1. Looking at this model, which pairs from Lys46/Lys197; Lys139/Lys172; Lys165/Lys197 are more than 21 angstrom apart at the alpha-carbon?
2. How do 130-138, 16-24 rank on mean C-beta neighbours within 10 Å, highest first?
3. Give me, ordered by chain and number, the residues 5 or more places off Val187 or on other chains with an amide H under 5 Å from its own placed amide H.
Amino acid sequence: MSYLNYIITAIPNIEKFTELGIRFGFNLVATFIVVVLLYARNSRRKNFFFSYFAISVAIFLLCYLLASVELGLGFALGLFAIFGIIRYRTDPIPIKEMTYLFVIIAISVINALSRNQIGYLELSFVNILLVGALWALEKILMLKQESSLIVTYEKIENIHKNKEKELLEDLKERTGIIIKRYEIEKVDFLRDVAIIKIYFDLNGSGSTKRQAGNE
């Protein structure tokens, strides 16, 4: 009888596990479409794959499991303090990657916290709407992602204003990149080298333009 009572008391939890699994599936599919089918194909960068999927899973489970928990003021302030202290000590994340990160977090929060407000049909529509909006921005509007590369250049005579054409042709021949614009960040006349930052489109080419200073 004890085993029977345990099984009977555990039956109501099956519905919770089922709902968790279904909504986790929604979140995983939406994240896969955004990261692999949209972001990766348009940016051709895979170094954010792990972070996007890991953050998606972590945010979803955090929001889902703590949705019905009444957090104390001290615990909530401590949680925000932890998130404020933790930071990625790497190179600054580009704006487009930060936008995709925000979208991934938004998808995870929507799929986790909407279980008492909307059903699976409405949830599917919301995910399709969000993914469709991203697809429209990437495909229809043909938004290009700009990237940059820092080059140590030794032909210092080409940095002269009147030799801009020679400089661009030499950089293009060496790197194989169609340069959109460039910045001369540093000139070392003692070593006869210059630090040049070149900008280019990952998904296409653009016109070349000289730019002084930082963006």
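1. Lys46/Lys197; Lys139/Lys172
2. Order by mean packing, descending: 130-138, 16-24.
3. Long-range HN contacts for Val187: Ile195.
Every number in this text was worked out from the coordinates using simple rules, so none of it is lab data. Quick caveat: nothing in here was measured; it's all calculated off a predicted structure. So basically every Cβ, Gly included, is an ideal-geometry build from the backbone, and we count neighbours across all protein chains shown.
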